[in-house]
Amino acid sequence: MPYTKPEKIGQLFSPAAFVHDSEEHIQEMEKLIRDFHIGGITFFHSRQSAAANFEKRQEVLDVENTYERMLALIHRFQKISKTPLLISIDAEFGLAMRIEKTPQYPYAISMGAIPQTEKKLVFETGFRIGQDLKRSGIHINFAPVADINTNPENPVIGYRSFGPDKEKVSAFALAMYQGMVAAGIAACYKHFPGHGDTHVDSHLGLPIIPKSKRQLLEEELYPFVKGIEAGVEMIMVGHLAAPALTGGENIPASISHDIITGLLKNEMGFEGIIVSDALNMKSVSALFPIPGQLEWEAFHAGNDLLCFSENVPEGIQWISERSSPERLEESFGKIIKLKNKLGIAENTPVPKPEFEYEEINSFNMTLAQNYLTVLKNPEPLSALENTQRSSQLAKVSLFSSKENVFFNSIDQTLSSDSFNANQLGSDWTSSLESYSEILIAIFVPSAKPLNHFGMDTAQLEKLSALAVQKNCHLYFFGNPLAIRKIEKLEHFKTIVCAFQGFDVSQKVAAKQLLGKMKAIGKLQGSF
């Protein structure tokens with residue numbers, strides 16, 4: 001069907017919709033659909049948590065029926081759209097990144113510990129995530145993260161990256177991408193030209209990578225080069241500065257003509273869809289106080305899809321007044337081609353799918369058996385015999401209840417006393433004086449490094465003091481980058497990383513501890 005010029009420009013916009021939102025705001029979105037013919041919508045959980053990570057949102061928000069509300073909104077919005085909308089979401093580790101009570105798979109950093117020979121597991125994870133999204137009426141997953149996390153203090157990438165090794169990141173990012181595409185959705189490499197070696201959160205400020213172009217090509221850009229060679233069709237450009245690529249200027253890549261058109265399109269030969277990172281992020285939104293100018297700058301730089309624009313009408317006007325017909329047709333054509341490829345020509349309601357959680361848990365256990373990693377001492381307590389030694393063993397849980405799956409699984413074979421860290425008072429060594437072996441389970445509260453990953457530093461200090469005096473065996477459930485926050489690690493007799501707090505991860509860790517299986521995962525980098 002024919003499109004007017006404003007309608008063509010509208011197809012390039014994918015503003016944010018919030019599942020938990022007011023009726024007033026929902027109607028504002030409907031106005032954008034009806035009056036400005038936006039091409040898509042990117043779903044987030046709620047306005048107060050749009051830039052926060054999911055596990056933190058779970059702690060502070062009390063909401064119900066998030067998934068059901070999202071399905072209803074997708075149908076409501078699609079029903080009034082002249083052209084079917086491209087529905088997108090950030091679901092790096094599954095719908096659970098944004099939507100409660102939906103399937104969750106391991107973080108990328110956990111997957112990164114899986115042996116590269118088992119790359120097929122990464123593909124299958126991507127396929128399963130893709131299936132979950134497609135069944136929910138979602139067409140684009142803004143994943144995988146192709147950033148190489150070479151900075152362990154990175155405040156925004158960290159657990160979202162497959163790790164610091166460029167070859168493994170390249171292989172696993174491609175496997176995840178190909179799995180999602182095989183499921184029938186579009187996937188997207190991010191954050192070009194590489195967000196891994198940064199120390200600023202681009203939601204709040206502008207990260208700067210002070211590396212030469214040669215260094216960037218050898219490290220940050222490597223997964224993107226390999227992805228393009230393998231046929232990746234969508235790349236998101238990040239809000240980070242690489243002055244070596246922009247004539248020395250600290251300009252965000254997401255609005256840099258040199259980086260997007262000059263490097264990505266012309267030098268690297270990328271012909272697919274280029275997506276801006278969220279245009280509400282402070283690293284770019286604060287640069288352009290005039291509504292619509294940021295959207296024009298992002299489009300002029302070479303972006304095809306403008307994500308999370310907060311100034312759609314003004315952005316359409318700016319682009320309409322300044323774009324050439326050829327440039328507009330280029331981006332418009334890509335969006336329509338994607339819609340046709342994904343087969344979203346008709347607005348049809350999406351029935352609520354029934355997720356097979358028993359089968360999902362079985363698959364997650366297979367993943368856990370492959371990423372469980374021994375960092376020190378592969379056989380900590382396997383020689384202990386229930387009848388002779390259990391009285392010498394104490395189990396201590398930090399940041400979670402002592403009634404956990406890990407301890408309960410161990411007790412089935414090796415019953416022993418369990419404690420919460422809060423029960424032990426000020427001197428843990430004295431409280432545990434009668435025990436010769438101490439099994440420590442740390443359940444890290446947050447995957448992000450803010451405030452020591454949510455861990456109480458006073459308890460960590462007591463733990464380190466205990467390790468100097470006692471035989472302590474540490475099992476770590478959470479982001480392995482948080483292990484660095486524990487002092488005197490050399491005094492621990494055993495260190496095992498289980499990565500996730502999933503029940504199945506705890507069961508697998510218990511099997512390893514009891515000598516019923518061997519860990520084959522390998523943590524990249526140092527701890």
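Checking Pro155 against (1) farther than 27 Å from Lys522 by Cβ; (2) surrounded by fewer than 24 Cβ atoms within 10 Å (Cβ to Cβ); (3) of a type outside the set (D, E, K, R): exactly one of these is not met. Which one?
For Pro155, the failing item is (1).
Could you list all residues from segment 414-433 that are closer than 14 Å to Lys395 by Cβ, in a loop (DSSP other than H, G, I, E, B) and not hydrophobic (A, V, I, L, M, F, W, C)? Break it down into steps so the answer makes sense when it comes.
Within segment 414-433, the first condition is being closer than 14 Å to Lys395 by Cβ, and the residues that meet it are 414-421, 423-424, 428, 431-432.
Now drop any that are not in a loop (DSSP other than H, G, I, E, B), which leaves 414-416, 432.
Of everything in segment 414-433, those that are closer than 14 Å to Lys395 by Cβ, in a loop (DSSP other than H, G, I, E, B) and not hydrophobic (A, V, I, L, M, F, W, C) turn out to be Ser415, Ser416.
Just checking: which of the helices (runs of 4 or more DSSP H) contained wholly in segment 214-312 hold 3 or more residues that are more than 23 Å from the chain's Cα centre (by Cα) and crowded, with 24+ Cβ neighbours inside 10 Å?
Once the helices (runs of 4 or more DSSP H) in segment 214-312 are filtered for at least 3 residues that are more than 23 Å from the chain's Cα centre (by Cα) and crowded, with 24+ Cβ neighbours inside 10 Å, what remains is 293-301.
Can you name every residue in segment 445-460 that is open to solvent by 40 Å² or more (accessible area, probe 1.4 Å) and touching a residue at least 24 places away in the same chain (Cβ under 8 Å)? Before the answer, list the steps.
Filtering segment 445-460 down to residues open to solvent by 40 Å² or more (accessible area, probe 1.4 Å) leaves 445, 450-452, 454, 456-458.
Scanning segment 445-460 gives Pro445, Leu450, His452, Gly454, Asp456, Thr457.
Is it the case that some residue within segment 314-328 is within 28 Å of Ala175 (Cβ to Cβ), of a type outside the set (Asp, Glu), assigned to a loop (DSSP other than H, G, I, E, B) and open to solvent by less than 50 Å² (accessible area, probe 1.4 Å)?
Checking segment 314-328: not a single residue is within 28 Å of Ala175 (Cβ to Cβ), of a type outside the set (Asp, Glu), assigned to a loop (DSSP other than H, G, I, E, B) and open to solvent by less than 50 Å² (accessible area, probe 1.4 Å).
Would you check if there is a residue in segment 499-522 being without any contact (Cβ under 8 Å) to a residue 40 or more places away in the chain and under 22 Å from the mean Cα position of the chain (by Cα)?
No; the residues of segment 499-522 include none that is without any contact (Cβ under 8 Å) to a residue 40 or more places away in the chain and under 22 Å from the mean Cα position of the chain (by Cα).
Pick from segment 385-415 the residues that are at pLDDT 95 or above and hydroxyl-bearing (Ser, Thr, Tyr): which of them is nearest to Asn471 (Cα to Cα)?
Out of the qualifying residues, it is Ser397.
Can you tell me how many residues within segment 60-106 are of a type in the set (Gly, Ala, Ser), free of Cβ contacts under 8 Å to residues at least 60 places away in the same chain and open to solvent by less than 30 Å² (accessible area, probe 1.4 Å)?
Of the residues in that region, 3 qualify.
Among the residues that make up segment 482-501, is at least one of them within 17 Å of Pro380 (Cα to Cα) and touching an Asp or Glu at 6+ places or on another chain (Cβ under 7 Å)?
no
Can you pull out the residues in segment 136-160 that are within 11 Å of the chain's Cα centre (by Cα), at pLDDT below 95 and in a loop (DSSP other than H, G, I, E, B)?
Selection gives Val156, Ile157.
From Glu433, Glu490, which residue is without any contact (Cβ under 8 Å) to a residue 24 or more places away in the chain, within 23 Å of Leu372 (Cβ to Cβ) and of a type outside the set (A, V, I, L, M, F, W, C)?
Values: Glu433 fails: within 23 Å of Leu372 (Cβ to Cβ).
Going through Glu433, Glu490 in turn, the sole match is Glu490.
The values are calculated or read from the model by the stated rules, or taken from the named source; none is laboratory data. This one's a predicted model, so the numbers in the text were calculated from it and none came from an experiment. Methodologically, a virtual Cβ is constructed for each residue, glycine included, from the backbone with ideal geometry; neighbour enumeration extends over all protein chains shown. Please note that ligands, DNA and RNA were not included when accessible areas were found on the heavy atoms of the full protein model with its side chains. Shrake-Rupley method; radii C 1.70, N 1.55, O 1.52, S 1.80 Å.
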